[in-house]
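Please read the structure below before turning to the comments.
The values are calculated or read from the model by the stated rules, or taken from the named source; none is laboratory data. As the structure is a computational prediction, the values presented were derived from the model and not from experiment. Using ideal geometry, Cβ is built from the backbone for each residue, glycine included, and neighbour counts are taken over all protein chains shown.
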Amino acid sequence: MVAEPSTGDLAASRTPTREDPPTSSSPGTDFDTGPSYANLAAAGIDWRDALHILKRAHHRVRHHTGAVLRIAAPDRDGRWLTIALIEETDDAYLVVGGRYLDQEEIDAIRKMMKGES
């Protein structure tokens, strides 16, 4: 994994970046917004938090191997969130899952970001 400051350079994707975002912020709300939104809702994650860690988080940990991209970063409220995405075509990603990190994982990430082993 590589710790890096966010530059907001992730290209347009199938992650929650629609022109007409859902009108409700409640995960699990019934609206037709595609599989990325449904997968986030099933994990209990607000699509805006996922978008935040993809585009706006100041610091994040990113691991991209083959077609799989995993990103961990603080969400809009400062809670550490990780999401997993699959690259379906060049720069088009499908969110397949996500979860909030436990304190042990957060501590390990903070150590790594400070350069500690």
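Scanning the range 50-91 for residues that are farther than 19 Å from Met113 by Cβ and either at pLDDT 95 or above or part of a strand (DSSP E or B) (or both) yields Thr65, Val68, Ala84, Leu85, Ile86, Glu87, Glu88, Thr89.
Taking the criterion of being crowded, with 19+ Cβ neighbours inside 10 Å, assigned to a strand (DSSP E or B) and touching a residue at least 24 places away in the same chain (Cβ under 8 Å), would at least one residue in the range 32-49 satisfy it? The answer is no; no qualifying residue exists.
For the range 92-109, check the following and say yes or no: at least one residue is in a loop (DSSP other than H, G, I, E, B) and either more than 17 Å from Ser36 (Cα to Cα) or hydroxyl-bearing (Ser, Thr, Tyr) (or both).
From the range 92-109, those in a loop (DSSP other than H, G, I, E, B) are 101-102; that's our starting set.
Within this subset, residues satisfying the condition of being either more than 17 Å from Ser36 (Cα to Cα) or hydroxyl-bearing (Ser, Thr, Tyr) (or both) are 101-102.
Taking every residue of the range 92-109 in turn, at least one turns out to be in a loop (DSSP other than H, G, I, E, B) and either more than 17 Å from Ser36 (Cα to Cα) or hydroxyl-bearing (Ser, Thr, Tyr) (or both).
How about the range 56-95: which of its residues are in contact (Cβ under 8 Å) with a residue 40 or more places away in the chain, among the aliphatic types (A, V, I, L, M) and surrounded by fewer than 16 Cβ atoms within 10 Å (Cβ to Cβ)? The answer is Ala92, and nothing else.
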